[in-house]
Amino acid sequence: MTKTIERYRRCCYASRDNNDAEHDRQIGHEEYSKLKAKYESLMDSQRHLLGEDLGLLSIKELQNLEKMLEGTLSQARQRKLSDYLEQSLVTWDMGHGTWDRRATLLVF
């Protein structure tokens, strides 16, 4: 009787282990598919930002891309101007209490 119960338990646990392994494989495959789709989408976006494959985009997509690029360019210009102003302020001549000519041109 105990041998029969042991065989039954082994059989049940073995089938559960097989089902768990199959379930894990299926979840892994689904996750892989999602990540692969996201990767391809990011690669498409990168190509569009680099100016490649633009012929495939609709007018609305092109307008969105243009808006995004203009925003990024504006941020870069603001950062550059801010850095330049900061560097110019460092040129303050403490001995004479005067501004460097470059700083005066930028501020006014």
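Listed by first and then second residue, the pairs with beta-carbon distance under 6 Å, at least 6 apart or on different chains, first residue in the stretch 64-83 and within 20 Å of Ser45 (Cα to Cα), second of a type outside the set (Gly, Ala, Ser), are Leu65/His48.
Figure legend. Inter-residue proximity from the stretch 43-57: first residues over 19 Å from Gly71 (Cα atoms) and among the acidic types (Asp, Glu), second residues open to solvent by less than 70 Å² (accessible area, probe 1.4 Å) and part of a helix (DSSP H, G or I), beta-carbon distance below 8 Å, spacing 6+ or different chains. Indicated pairs: Asp53/Asp44.
The values are calculated or read from the model by the stated rules, or taken from the named source; none is laboratory data. Quick caveat: nothing in here was measured; it's all calculated off a predicted structure. When we count neighbours, we look across all protein chains shown, and the Cβ atoms used for this are built from the backbone with ideal geometry, even at glycine. In case anyone asks, the SASA skips ligands and DNA or RNA and just uses the protein heavy atoms, side chains included. Shrake-Rupley method; radii C 1.70, N 1.55, O 1.52, S 1.80 Å.
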